[in-house]
Amino acid sequence: MITVELDHERLQAALRRVEWAVGDVAPLMRGIAAELVSQTEENFAEEGRPDWADLSDTTTERRAKSGNWPGQILQISAAGLAASISSRADDSTALVGSNKPYAAMMHFGGKKSDFPHLWGDIPGRPFLPMDTEGQLQLDAEEAILELAMHHIERTARL
């Protein structure tokens, strides 16, 4: 015969800690914001995950003439897009982004027909940890889920 003993007081205490943890997710949001920055930095280092489209011949010629080619895609200067990535977190939100006015164009792409100042169509090169349809990258999703589980386990002492 198998006997199972349930330590009711211990279970109730663990459940209260889980409830408290879910109520106070600010530490988790800070961790998620840092992870989103890390995933974004990885995208720049790897030039996309999956790989970004190659630069057009026009772009590589322009960059070569200015001394910025060969080089990395979306990284022309030390004060450029990659350096502009920042994050913010509060009690219920984790954000990552850029203050560069061209950031959305580089992430989502654009058509010359919609933006006549462009010298050609720009394919989306998702540098944030989501694709152009807004789906979180698998690596980012897994890392965030791991952070959430770790947060709950640590807080609830499970």
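Here are a few things to note about the model shown:
- If you go through segment 50-59 and keep only what is closer than 23 Å to LEU128 by Cα and either free of Cβ contacts under 8 Å to residues at least 24 places away in the same chain or among the β-branched types (Val, Ile, Thr) (or both), you end up with PRO50, ASP51, ASP54, LEU55, THR59.
- Unique residue being assigned to a loop (DSSP other than H, G, I, E, B) and closer than 14 Å to ASN43 by Cβ when the list is LEU128, LEU118: LEU128
- Filter pass, SER98 being touching a residue at least 60 places away in the same chain (Cβ under 8 Å), among the polar types (S, T, N, Q) and surrounded by 14 or more Cβ atoms within 10 Å (Cβ to Cβ): no
- Applying the set (1) modelled with pLDDT of 90 or more; (2) surrounded by fewer than 16 Cβ atoms within 10 Å (Cβ to Cβ) to MET106 leaves exactly one unmet item: (2).
- Set ARG17, ARG88: member being part of a helix (DSSP H, G or I) and either modelled with pLDDT under 85 or over 14 Å from PRO129 (Cβ atoms) (or both): ARG17
- Any hit, segment 129-149, residues being out of contact with any strand residue (DSSP E or B) (no Cβ under 9 Å at 6 or more places or on another chain), under 26 Å from ALA26 (Cβ atoms), touching a residue at least 40 places away in the same chain (Cβ under 8 Å) and not hydrophobic (A, V, I, L, M, F, W, C): yes
- Taking first residues from segment 72-84 that are farther than 10 Å from LYS100 by Cα and partners that are charged (D, E, K, R) and part of a loop (DSSP other than H, G, I, E, B), the Cβ contacts under 8 Å between residues at least 6 apart in sequence or on separate chains come to GLN72/GLU47; ILE73/GLU47; ILE73/ASP54; ILE73/ARG125; LEU74/GLU47; LEU74/ARG125.
- Residue match in segment 57-73 (condition: in contact with an Asp or Glu (Cβ under 9 Å, 6 or more places away or on another chain), on the phi < 0 side of the Ramachandran plot and of a type in the set (D, E, K, R)): no
- Residues that are surrounded by 13 or more Cβ atoms within 10 Å (Cβ to Cβ) and in contact (Cβ under 8 Å) with a residue 24 or more places away in the chain within segment 109-123 comprise just one, PRO123.
The values are calculated or read from the model by the stated rules, or taken from the named source; none is laboratory data. On a predicted model such as this, the values are computed, not experimentally measured, just so you know. As a convention, Cβ positions derive from the backbone with ideal geometry for all residues, glycine included, and neighbour counts pool all protein chains shown.
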